[in-house]
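Working notes for the structure below.
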Amino acid sequence: MSTKAPFIKDLSLPVIAAPMFLISGPKLVIECCKNGIVGTFPALNQRTSDGFEEWLVEIKTALDTFEKETGKKAAPFGVNLIVHPTNPRLEADIKLCIKHKVPLIITSLGAVSQVVDAIHSYGGLVFHDVIKKRHAQKAAEAGVDGLILVSAGAGGHAGTINPMTLVAEIKKFFYKTIILSGCISSGRDIASALQMGADLAYMGTRFINAEESKATDDYKEMIIASGASDVVYTAAISGVHANFLGASLKAAGITEEDLKKDRKIDFGKEMDTEAKAWKTIWSAGQGVATIENVLPVSTLVNNLKTEFKTSIEEQIKVLEVFPK
């Protein structure tokens, strides 16, 4: 019996559009699922559990209507839950996920077997994001169905390990679904992730520049204008190392000295919470280097499909040169 996520075979591309803080909402999720890739969002992008449930109903209703009207099957959607004592909404949000049978739950900052069991109770899957082997082992022990390997260069709270090494290390002991995150912006990148041994590619930054994302136009324009060296890895914003666009850090008045700190800096009353800080200071991965436009999800996915197919065909031609 396969230990891989069963929905993979039904996708148009082996892709999950990552849940992005303040960026992912119902519109982006729905369009991703309609176009055959997994759409996700953080539960905390809604300020209350009541609002979170409204989004769940909106997404489910839209996808049900899509399937009835087109006869096509939409990709599953997912919700990101922060599994940490500092999240006062965790219990309430889990109950809503169970009530609405959310197909995929992505857990962060804690892999807890009780949470996994709760999601498994209705047939849901749990993927957990990790940046190193030790975290992956703990998540595997908790019974998760997949591991999201957040490698060097990814947006948000990224790791520092090379993706090839990270995938190879985790595959030695984890035989379920492997999802790779980090600088995946094109169809060729998706093919590369699969060649490394991943089952799915996890794409965040590329979908910030989807028309349906909640990012501002200025944010999207900064991504287009930025290169890999313009992305800064620092713990100064949230107390945990993450990647941010250097131009947004500069615009917020954050100095080079601030960025060297291993703890969260004092932003003052105007940005007294992490959420307020992230509205002004924009996260992105090094994959910005190859992002040159803003596209609707439908066009973006079609382009990724073409690039993915072309890349695979080129690899097949390589086999003709090196058959042994």
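The values are calculated or read from the model by the stated rules, or taken from the named source; none is laboratory data. Because the structure is predicted, anything quoted here is derived from the model rather than measured. As a convention, Cβ positions derive from the backbone with ideal geometry for all residues, glycine included, and neighbour counts pool all protein chains shown.
From the list T310, T280, the one residue that fits, being among the β-branched types (V, I, T), surrounded by 12 or more Cβ atoms within 10 Å (Cβ to Cβ) and modelled with pLDDT of 90 or more, is T310. Entry remark, segment 103-113: residues being of a type in the set (A, V, I, L, M) and more than 12 Å from F127 (Cβ to Cβ) number 2 in total.
Cβ-Cβ distances below 6 Å connect no pair with a first residue in segment 85-97 that is touching a residue at least 12 places away in the same chain (Cβ under 8 Å) and over 21 Å from G124 (Cα atoms), a second residue that is assigned to a loop (DSSP other than H, G, I, E, B) and of a type outside the set (A, V, I, L, M), and a separation of six or more residues or different chains. Residues that are surrounded by 24 or more Cβ atoms within 10 Å (Cβ to Cβ), within 15 Å of D129 (Cα to Cα) and out of contact with any Cys (no Cβ under 9 Å at 6 or more places or on another chain) occur in segment 204-213; there is at least one. Taking every residue in segment 44-56 that is assigned by TED's automatic domain parsing to the domain that holds K99 and part of a helix (DSSP H, G or I) and pairing it with any residue that is crowded, with 19+ Cβ neighbours inside 10 Å and of a type in the set (D, E), at least 6 positions away or on another chain, the pairs with Cβ-Cβ distances below 8 Å are S49/D93; F52/D93.
Counting only residues that are more than 16 Å from M20 (Cα to Cα) and of a type in the set (G, A, S), which one in segment 190-201 is surrounded by the most Cβ atoms within 10 Å (Cβ to Cβ)? Even if it seems obvious, please write down each step before you answer.
If we filter segment 190-201 for residues that are more than 16 Å from M20 (Cα to Cα), which is where we start, we get 190-200.
Narrowing the set further to residues that are of a type in the set (G, A, S) leaves 191-193, 197-198.
On the way: A191: 21, S192: 19, A193: 28, G197: 15, A198: 26.
Ranking the candidates gives A193 first.
For V301, the requirement of being under 27 Å from I223 (Cβ atoms), outside any loop (DSSP other than H, G, I, E, B) and modelled with pLDDT of 85 or more is met.
Cβ separations smaller than 8 Å between residues 6+ apart or across chains give the following pairs from segment 295-324 residues that are under 26 Å from T205 (Cα atoms) to residues that are outside any helix (DSSP H, G or I) and of a type in the set (D, E, K, R): L295/E211; P296/E211; P296/E212; V297/E211; V297/E212.
Quick check on my filter: what residues within segment 160-200 are over 19 Å from Q286 (Cα atoms) and among the hydroxyl-bearing types (S, T, Y)? Within segment 160-200, Y175, T177 meet the criteria.
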